[in-house]
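Visitor: Before we start, here is the structure in question, set down as structure tokens.
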Amino acid sequence: MIKSKVFRIESNMYYAMPFDNPSRVIRSTLRGRFKNDFKIKRDKLYVTDICVVGDLVDILMNEDGTGVIQKVYYRENHLSRKAPRVKGVSFRGERMEQVIASNLDRLYVITSFNRPEFNNKVLDRFLVAGESSRIEVFIVMNKIDIAEEHDLEWIEFYKRLGYTVIPTSIKTGIGIDDLKESLQGKTGLFWGQSGVGKSSLLNKLFPSLSITTGDVSGSTNKGTHTTASVWMFDVGDDTYIVDTPGVREIDPYGITKQDLSHYMREFVPLLNQCKFNGCTHYHEPGCVIYDAVENETISELRYDSYLRMLETIEEGMLY
Ligand code: GDP
Ligand code: ZN
């Protein structure tokens, strides 16, 4: 049995790197029994979520050099979102969990100041997803070279909440070294809206990756990586990057109305002071969060984000 780490999944094939020889690639399938488990669930996404990028697995080798995954080890953590609303991915009307990757040290939420415009509500959703997965979150604010003066205030805004914010530009090179340094020896996942410059940043950090960026048109190079699926790269020195497809926005998964406030950093110290247990900080009397917004200790922008997310958590549903 060969203990390995899954770094890529495509058309039901699982590509893994053995621990004792990370440059080797084992192409594997899943042991049949996993698939039987899945059939009971009757949900397409479960197939991929049995084993995701970042999982540690035991592989039994076939004679032809391919392998069969026998066991998926317990995940230290995993990042997920609600599966998009498309046919075949809901179960009794509830949207399922889509696991993006596992065993992560860091989540880098990539935003941009311009093209696309900075959107704090979208960022807050990514942050909540990260906080609820107990993964350390970093915010990258890219395209600082085309930022408007007033946009720069977002840097301090999120720093005040306690986040590490790294302003970057691939045009001027600002922040690239800081970003690279923070990744050293870690497994970091890059997540963000399409067009923010995620691929460009990764190429700038690690030129050997050659990820296709939005600049490329027409024929694509053979051997370049497109981010159509989640893909983990070994960039040396025990450092791994997980690249993910760009998304429009996300709904964090597995959060109840009562829990949501626990993932808004600056709310946390106040939470047990509300009059009612299980306060959702919306209309309940004696709510300290509401008071904090009134006296501006909590930003109204963050509170608005909170309320928007609260609305999207379906009443009566588990998540
Ligand atoms: P992705 O969808 O997040 O992977 O974005 P891409 O890396 O494909 O970049 C989208 C567009 O933004 C491309 O035209 C890039 O050249 C441009 N871009 C990326 N980073 C920067 C930056 O720091 N400054 C400026 N001005 N443009 C950038
Ligand atoms: Zn409250």
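Visitor: Would a scan of the range 303-313 turn up a residue that is farther than 16 Å from VAL122 by Cβ and assigned to a loop (DSSP other than H, G, I, E, B)?
Guide: Yes - at least one qualifying residue is present in the range 303-313.
Visitor: Another one. Report every pair of residues separated by at least 6 positions or lying on different chains whose Cβ atoms are under 7 Å apart, first residue within the range 163-187 and assigned by TED's automatic domain parsing to the domain that holds SER200 and surrounded by fewer than 18 Cβ atoms within 10 Å (Cβ to Cβ), second modelled with pLDDT of 95 or more and part of a loop (DSSP other than H, G, I, E, B).
Guide: ILE174/THR168; ILE176/THR168; GLN184/THR239; GLY185/THR239; LYS186/ASP105; LYS186/THR239
Visitor: Search the range 257-277 for residues that are at negative phi and pair each with any residue that is of a type in the set (Gly, Ala, Ser) and not in a loop (DSSP other than H, G, I, E, B) when their beta-carbon atoms are under 7 Å apart and the residues are at least 6 apart or on different chains.
Guide: Partner pairs satisfying both residue conditions: TYR263/SER132; PHE267/SER261; LEU270/ALA292; LEU271/SER261.
Visitor: On to the next question. Criterion first (within 12 Å of ligand 1 (Cβ to nearest atom) and in contact (Cβ under 8 Å) with a residue 60 or more places away in the chain) does SER112 satisfy it? Let's see the steps before the verdict.
Guide: Values: within 12 Å of ligand 1 (Cβ to nearest atom): yes; in contact (Cβ under 8 Å) with a residue 60 or more places away in the chain: yes.
Here the answer is yes, as SER112 does meet what is asked.
Visitor: What are the residues in the range 127-155 that are away from ligand 1 (no atom under 16 Å from the Cβ), modelled with pLDDT of 95 or more and of a type in the set (Lys, Arg), if any?
Guide: Within the range 127-155, none qualify.
Visitor: Okay, moving on. Pull up the range 264-292, narrow it to residues that are surrounded by fewer than 11 Cβ atoms within 10 Å (Cβ to Cβ) and closer than 19 Å to SER132 by Cβ, then point me to the one that is nearest to ligand 1 (Cβ to nearest atom).
Guide: PRO269
Visitor: Further question: For the range 135-160, what are the residues that are more than 21 Å from ILE250 (Cα to Cα) and either in contact (Cβ under 8 Å) with a residue 40 or more places away in the chain or among the small types (Gly, Ala, Ser) (or both)? Even if it seems obvious, please write down each step before you answer.
Guide: Applying the first criterion (more than 21 Å from ILE250 (Cα to Cα)) to the range 135-160 yields 143-153, 155-157, 159-160.
Correct list: LYS143, ALA147, PHE157.
Visitor: Any chance you could count how many residues in the range 136-166 are part of a strand (DSSP E or B) and of a type outside the set (Phe, Trp, Tyr)?
Guide: Counting residues in the range 136-166 that are part of a strand (DSSP E or B) and of a type outside the set (Phe, Trp, Tyr) gives 9.
Visitor: If you don't mind, there's one more thing I want to ask. Name the residue that is farthest from the chain's Cα centre (by Cα), counting only residues in the range 241-295 that are of a type in the set (Val, Ile, Thr), over 16 Å from SER305 (Cα atoms) and at pLDDT below 95.
Guide: Among those residues, the one meeting the criterion is VAL247.
Visitor: Kindly indicate the residue of the range 253-263 that is assigned to a loop (DSSP other than H, G, I, E, B) and in contact with a Leu (Cβ under 8 Å, 6 or more places away or on another chain) and also surrounded by the most Cβ atoms within 10 Å (Cβ to Cβ) among those meeting that condition.
Guide: LYS257
Visitor: Within the range 142-172, how many residues are under 11 Å from LEU201 (Cβ atoms) and of a type outside the set (Lys, Arg)?
Guide: 5
The values are calculated or read from the model by the stated rules, or taken from the named source; none is laboratory data. It should be emphasised that the depicted structure is a prediction, and the values quoted were computed from it without experimental measurement. Every residue, glycine among them, receives a Cβ derived from its backbone with ideal geometry; neighbour counts consider all protein chains shown.
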